[in-house]
Amino acid sequence: MSLHEEIRTAERSLDELKRCAVRLERELGDRLDVRRIRSDIEHLRLSLSMLAGSAGPEERAGPGTPEMIVVPDTPYDRRLWTSDADDEGLGVRDHHAP
């Protein structure tokens, strides 16, 4: 996983933690310990934002980088080559060119 993917995963985890903190606040009321948890979550979010900024731009495949296409080593199905379909570019079987 790249650094930016890790940061996005951490941000999603913080979002879930914030939702839990909101539910706790509804259940327990506006208490000091709940406010501290919410404050800590915001500090973590700020730290992640700073980390993402210092990590630089996200690496993406640019126009000069060709996309790699994986071709499996398994053999093709022989029926692909033995059908009664026309041979593309060669004309119809058993017929001569004009």
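Measuring nothing but alpha carbons in segment 1-77 and taking Rh as the Kirkwood radius, the Rg to Rh ratio lands at 1.30. Each Lys and Arg adds +1 at its Cβ and each Asp and Glu adds -1 at its Cβ; summed about the Cα centre, segment 3-54 shows a dipole of about 180 debye.
The simple Förster model, with R0 at 41 Å and r as the Cβ-Cβ distance, assigns Y76 and S47 a FRET efficiency of 0.20.
Annotation note: trypsin sites (Lys or Arg not before Pro) in segment 1-58 located in DSSP loop regions with a Cβ neighbour count of at most 16 within 10 Å are R31. Here the calculated FRET efficiency for T65 and E25, from their Cβ-Cβ distance with R0 = 35 Å, stands at 0.15, rounded to the nearest 0.05.
All of the numbers you see were taken from the coordinates with simple rules; none came from a lab. Since the structure is predicted, the reported quantities are computational estimates derived from the model, not experimental observations. Note that we place each Cβ from the backbone using ideal geometry, even for glycine, and neighbour counts take in every protein chain shown.
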